[in-house]
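As structure tokens, the structure follows; a few thoughts come after it.
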Amino acid sequence: MPSLFFYLFAALAVGGAIALVTLRNPVSSALSMVVSFIGLAALFVGLNAYFVGVIQILVYAGAIMVLFLFIILLLDLMAEERKIFRPGTIVAAGVFPLLFLVQLLGILPQTPSGAP
């Protein structure tokens with residue numbers, strides 16, 4: 001798989017996942033999950049796993065997402081009032097991923113290149 005396509009489809013999958021978490025409308029969030037599934041299926045096809053890629057589209061993006069959309073529409077979700085986050089929560093949301101990244105960068109140089 002050429003690296004350009006890999007990065008394109010990986011960005012599509014990650015972008016869909018970020019939109020899934022950040023969007024407030026449940027229907028838009030569910031549709032961004034479909035975008036993430038399509039990016040993941042394209043990555044599988046690029047790795048010559050055609051069956052897994054097709055199943056990813058048929059089962060997850062097709063059947064599961066239709067079920068999610070029916071549930072969302074049947075629940076008839078009302079608009080919620082926005083929560084106000086405390087400053088400690090916002091700081092923790094930035095500090096913990098940075099600590100994880102520091103740990104990951106500390107471990108990666110020590111792993112041998114032939115390790116699975």
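Computed over protein heavy atoms with a 1.4 angstrom probe, the accessible surface ordering of 33, 65, largest first, is 33, 65. Sequence-distant contacts, meaning Cα pairs under 8 Å at least 6 residues apart, place the relative contact order of the chain at 19 percent.
Each helix, a run of at least 4 DSSP H residues, gives -39500 (n - 2.57); summed and divided by the residues of the chain, these come to -22500 deg cm²/dmol at 222 nm. With every protein chain in place and a 1.4 angstrom probe, the accessible-area ranking of 89, 22, largest first, reads 22, 89. Sequentially through the stretch 82-95, phi angles give Karplus couplings (6.51, -1.76, 1.60; θ = phi - 60°) of 6, 8, 9, 8, 6, x, x, 5, 5, 5, 5, 5, x, 6 Hz, Gly and Pro residues having no value and appearing as x. Shown in residue order for the stretch 48-55 are the 3J(HN,Hα) couplings computed by the Karplus curve 6.51 cos²θ - 1.76 cosθ + 1.60 at θ = phi - 60°: 6, 9, 5, 4, 5, x, 5, 5 Hz (x for Gly and Pro). Phi-derived couplings, Karplus 6.51 cos²θ - 1.76 cosθ + 1.60 at θ = phi - 60°, listed residue by residue for the stretch 98-112: 5, 5, 5, 5, 5, 5, 5, 5, x, 8, 4, x, 8, 7, x Hz, with x used for Gly and Pro. Out of the total accessible area of the chain (probe 1.4 Å, heavy atoms of protein only), what percent is carbon and sulfur? Answer for the chain is 76 percent, counting heavy atoms of protein chains only.
Note on residue 85: accessible area approximately 130 square angstrom, rounded to 10, probe 1.4 Å, nucleic acids and ligands left out.
The values are calculated or read from the model by the stated rules, or taken from the named source; none is laboratory data. In this text, all values refer to a predicted model and were calculated from it rather than measured experimentally. Side chains are part of the model used for accessible areas, which takes the heavy atoms of the whole protein and leaves out ligands, DNA and RNA. Shrake-Rupley method; radii C 1.70, N 1.55, O 1.52, S 1.80 Å.
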